[in-house]
Amino acid sequence: MKKLLLAILPFLLFSAPSFAYPKYTVLNSTLGTINKLTFYQIISECSPNYIYNIGPQSLKQEQPPYDRSNCLLTDIKGTLHIDGMDIPLEYHSFGTTYGQFAIVAKQINNKWSAKIVSADIRGDYQEPNIPKDAEHQ
């Protein structure tokens, strides 16, 4: 049993998950743009993180030198620019490990509203290959 444990121990040590949370990733599902999103963490030693220049209907992830490490997220702030309007964006939490978010917006009576929501945006978002026969069924 000792030999088995000694044989498995190196694999367990080197395959142990990192204690860093996932990088911030944002899907802008709107037709607007966002110049900067600021991600605030719960611990004062954790500096804010940023994602810049998020274009319409695009997916963007934070880039170095930003490193979330093991910091819990408390707030996200930014501004959505759409149809000549500036719409404040805010997300609040008591401290979350979430790292994937989507910007959603809707227009009612020519007035836009928008918000940041947590989202599972992993996966392949390319259009599926639909056989020609299936299109007309």
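Coordinate-derived values only; no laboratory data. Remember, predicted model here, so these are calculated numbers, not experimental data. Ideal geometry is used to build each Cβ from the backbone, glycine not excepted, and the neighbour counts take in all protein chains shown.
What chymotrypsin sites (Phe, Trp or Tyr not before Pro) does region 20-57 have in DSSP loop regions with at most 12 other beta carbons within 10 Å?
Numbers: sites: 24, 39, 40, 50, 52; in loops: 24.
Hits after loop and neighbour filter: nothing returned.
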Based on the alpha carbons, how large is the Rg to Rh ratio for region 19-70 when Rh follows Kirkwood? 1.01
Can you compute the modelled spin-label distance between residue 81 and residue 104, with each label point 7 Å from Cα toward Cβ, in nm? 2.6
For region 55-71, take each phi angle, set θ = phi - 60°, evaluate the Karplus expression 6.51 cos²θ - 1.76 cosθ + 1.60, and give the result in whole Hz per residue in order, putting x for glycine and proline. x, x, 6, 9, 10, 9, 10, 4, 10, x, x, 6, 9, 5, 6, 10, 8
When you have a sec, figure out the Kirkwood radius of region 72-119 from all distinct Cα pair distances and drop it here in Å to one decimal? 11.6
Under a plain spin-label model, where a point goes 7 Å from the Cα along Cα-to-Cβ, how far apart in nm are residue 57 and residue 120? 2.5
